[in-house]
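The values are calculated or read from the model by the stated rules, or taken from the named source; none is laboratory data. These figures come from a predicted structure and were not determined experimentally. Cβ placement follows ideal geometry from the backbone for every residue including glycine, while neighbour counts extend to all protein chains displayed.
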Amino acid sequence: MRRTDPEGQGPVRYGPPSPDDGLPVLPELSAVLAAAAARGGSEPVGGGPGLLDAACGHWARRGLSAGPERVVAAPGAPSLLVALTAALGGDVLVPRPCAAWWAPYARLLGRPVFHVATPAECGGVPDPYALLETVRRVRDEGGDPRLLVLSVADDPTATVAPPEALHEAVEAAADEGLHLISDETWRDTVHAPHDTMWLSPAEMLPDRVTVVTDLAGALLPPGWPAAIARFPEGDVGDGLHARVLDVLTALGARVAAPVAAAACYALPEPAPVTDRVAATVRLHARVAAAVHTAVVSAGALARPPQAGRHLYVDLGPLRSALGAHGVGDAQDLEEFLTARLGMPAPGGHRFGDDLGALRVRLSTGALLAGTDGELEECLSSTTPLELPHVHRALITLKSVFDDLRDDAQRWEPPR
């Protein structure tokens, strides 16, 4: 039986984890957590006043004002998505590809999940015509589509949806009466924030969009689970907020007190946090650009990464070379590249993509692996790609892809 749960990737049905930044914890955050370590309890369900106020301030600075009565905190975005999916009911629509953790929670609740193609220029949001056709088909077959999950700054594609593509998708969803969940986990990891136009679906459709942000995207380490949700105004939002609290209560989904203390420190974005976020984004943007150059030079396809700590690569043009190594689908490709690169390279099938398509997500954090001292040097260096351990990792990656390009050229039929 083919192995489907290599270390660091998780089973196809439930993995892989989100890309890690690969860096040491910010010392100021560690100090806050340590100071609160003696607090063995947890926040009230939905978050205590201090955490909710901090979340409101975080969103207000991003143009999404909300009072505490419209905000909920939970131990990670997955618990929020479970609660929202349970509260909204009906069938779920997601882009293809999409974050690996979205669909399993709908399946857990017995809800059908339908993947919708994305436009050529980006991932994360559905093509509006494909969305309308999918909704029509699902309803014709007796389904009940109610929920669309999307992300402007996307995992796995690392793209940022342009406002026009987002507006068309949101307009199509509104025409069909869908509720939207906007996963804005990667919002603060945009590589060129001054050159990238960012709009939240909640600005376009304020009465039908719930925003979810996992603080592991930019503010907290992934092992300290905390996430926040912002509900729309009005009766729809009020009812959804109440039902989500009911589900979180049933799940016992409470943020641990020390983690809440760290979140309360990070959400107002004091200088140490903003400086670390900016340095981390710059570092990963440089590494992602170098990886993009390497894979495209070898003949693979990839949209230029615009956000996050990853990029999405299509090795379809190298299929002949990969076939000589016994690679025929995304699972084979995942195992092949994981072994060659010495780092997880989860296949596109884990993100709802076609198994037959030769696509993978590559994470930049894995290329930074080193001692704490080397990692701190990555953050402070003006030329991080020239640091020995990063340079070696990039050379290895480039060599693997260059070998595939050379193999593909040898397998090309003579003209």
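Here's a check for you: in region 187-211, which residue that is in contact with a strand residue (DSSP E or B) (Cβ under 7 Å, 6 or more places away or on another chain) and closer than 17 Å to Ala289 by Cα is surrounded by the most Cβ atoms within 10 Å (Cβ to Cβ)?
It comes out as Thr189.
Every residue in region 248-263 that is over 14 Å from Ala227 (Cβ atoms) and in a helix (DSSP H, G or I), please. Write out each step before concluding.
Residues of region 248-263 that are over 14 Å from Ala227 (Cβ atoms), as a first pass: 249-250, 252, 257-258, 261.
The answer is Thr249, Ala250, Ala257, Pro258, Ala261.
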field: Meets criteria (at pLDDT 95 or above and touching a Phe, Trp or Tyr at 6+ places or on another chain (Cβ under 9 Å)) for Arg361
entry: yes
message: Please verify whether Asp195 is among the charged types (D, E, K, R), under 28 Å from Pro17 (Cβ atoms) and not assigned by TED's automatic domain parsing to the domain that holds Gly308, treating the condition exactly as stated.
response: no
Checklist (1) assigned to a helix (DSSP H, G or I); (2) within 22 Å of Ala369 (Cβ to Cβ) applied to Thr274, failing item: (2)
- prompt: Scanning region 104-141 for residues that are part of a loop (DSSP other than H, G, I, E, B) and among the small types (Gly, Ala, Ser), which turns out surrounded by the most Cβ atoms within 10 Å (Cβ to Cβ)?
  reply: Gly124
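Residue check: is Pro156 closer than 30 Å to Ser363 by Cα, surrounded by fewer than 24 Cβ atoms within 10 Å (Cβ to Cβ) and either modelled with pLDDT of 95 or more or among the β-branched types (Val, Ile, Thr) (or both)?
No.
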The lone exception for Gly356 - which of (1) assigned to a strand (DSSP E or B); (2) over 24 Å from Gly217 (Cβ atoms) it fails: (1)
Scope region 379-415; condition within 23 Å of Leu26 (Cβ to Cβ) and either under 23 Å from the mean Cα position of the chain (by Cα) or not assigned by TED's automatic domain parsing to the domain that holds Gly348 (or both); matching residues: Leu379
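So which of Ala261, Ala226 is closer than 27 Å to Leu180 by Cβ and of a type in the set (A, V, I, L, M, F, W, C)?
Working: Ala261 fails: closer than 27 Å to Leu180 by Cβ.
Just a single option satisfies the conditions, and that option is Ala226.
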- prompt: Is at least one residue of region 83-90 touching a helix residue (DSSP H, G or I) at 6+ places or on another chain (Cβ under 6 Å) and modelled with pLDDT under 95?
  reply: no
message: If the requirement is being charged (D, E, K, R) and in a loop (DSSP other than H, G, I, E, B), which of these qualifies: Asp188, Asp207?
response: Asp207
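Does Val255 satisfy the condition of being closer than 29 Å to Thr210 by Cβ, in the same structural domain as Ala153 (by TED's automatic domain parsing), at pLDDT below 95 and over 17 Å from the mean Cα position of the chain (by Cα)?
no
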query: If we keep just the residues of region 54-77 that are assigned to a helix (DSSP H, G or I) and without any contact (Cβ under 8 Å) to a residue 60 or more places away in the chain, which is surrounded by the fewest Cβ atoms within 10 Å (Cβ to Cβ)?
result: Ala60
